[in-house]
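A.B. asks: Quick one: the structure is below, questions incoming.
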Amino acid sequence: MGNSYTFTVDVFRTVCDRLAANAADLRLLIEAGESFEEWLAWEAFLACKLRQESYPFCEVAAKPAYASEGVSASSDPESDLGDLRVGGPNDGADHCWVFAEFVLLHHGNRTGGEWPRKIEAGADKLKRLGWKKSASLLIVIAASRGGVMAEWADDQAGCAVWNRPALADPLVIPLPGGGTLVLKAFDVKQDPAHTLTNAAR
């Protein structure tokens with residue numbers, strides 16, 4: 001087993017592969033114009049859970065509690081749960097843990113500056129972990145009936161989290177009949193010096 005960076009990229013790619021295989025479903029969800037963030041989190045859980053024995057992961061948990069990682073409870077019970085936690089194999093691998101939050105950007109939350117706030121809120125939740133070597137992973141999924149990168153360039157330019165160093169190259173999923181989904185992952189740390197990035201390999 002590799003290091004924390006390699007493990008985290010493998011988790012991210014496992015999620016990406018499942019979503020790419022569901023491109024037709026994603027197209028229909030995007031056309032509906034409503035949030036499907038919860039569906040994405042469950043698909044990510046299934047992607048990792050189905051690989052638990054063969055990868056192997058020692059744990060794949062949906063809706064993990066921040067309290068399980070020593071974070072004090074907040075006044076908002078919803079913010080006390082994450083979306084996914086994945087642990088590496090029990091073979092002496094060092095710091096191979098991922099605690100993830102998913103944020104969906106789509107046409108329904110694009111106006112009024114809502115989605116940059118969603119990204120920042122996801123990052124703020126993960127910073128509460130205080131992790132240094134394991135991954136506090138924010139997976140941002142941008143969905144569009146057209147081309148995400150071209151259509152949303154101005155929106156993305158003003159978002160600090162979107163423009164920070166990414167864990168790995170973004171994945172672009174072209175959808176049947178038009179539209180795209182872009183997945184971009186960031187390791188979010190209280191101290192940026194501890195961040196796992198593509199450039200830090």
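A.B. asks: Residues in the stretch 166-192 near a label at Glu31, defined as backbone nitrogen under 14 Å from the 7 Å Cα→Cβ point?
C.D. replies: Answer for the stretch 166-192: 175-180.
A.B. asks: I would also like to ask the following. Expressed in nm to one decimal, what extension gain is obtained for the pair Ala23 and Asp94 from 0.36 nm per residue of sequence separation less their Cα-Cα distance?
C.D. replies: Answer, rounded to one decimal: 22.1 nm.
A.B. asks: Could you work out how far apart the two model spin labels at Arg117 and Glu59 are, taking each label as a point 7 Å from the Cα in the direction of the beta carbon, and quote it in nm?
C.D. replies: Result: 3.4 nm between the two label points.
A.B. asks: Sticking with this structure for a sec: Rounded to the nearest 0.05, what FRET efficiency is calculated for Arg13 and Val71 with R0 set to 30 Å and r the Cβ-Cβ distance?
C.D. replies: 0.65
A.B. asks: Let me ask something else about it. Over 5 Å intervals from 0, what percent of Cα-Cα pairs in the chain sits in each interval?
C.D. replies: Histogram of Cα-Cα distances, whole percents per bin: 1, 8, 17, 20, 21, 17, 10, 5, 1, 0.
A.B. asks: Right, something else. Need one number: nm distance between label points at Asp80 and Asn163, each 7 Å from Cα along Cα→Cβ, rounded to one decimal.
C.D. replies: So the two model labels end up 3.7 nm from each other.
A.B. asks: Two decimals is fine: what's Rg over Rh for the stretch 1-92, C-alpha atoms, Kirkwood radius as Rh?
C.D. replies: Looking at the stretch 1-92, the ratio lands at 1.02.
A.B. asks: With each label point set 7 Å from Cα along the Cα-Cβ vector, what nm distance links Thr197 and Lys49?
C.D. replies: Each label point lies 7 Å from its Cα, and together they span 3.5 nm.
A.B. asks: Additional query: If you take every DSSP beta bridge whose two residues both sit in the chain, what share of them, in percent to the nearest 5, is antiparallel?
C.D. replies: Here the antiparallel bridges make up roughly 70 percent for the chain.
Values in this text are rule-based calculations from the coordinates and carry no lab data. Small disclaimer: the values here were computed from a predicted structure and weren't measured. Counting neighbours? That spans all protein chains shown, and the Cβs are built from the backbone with ideal geometry, glycine included.
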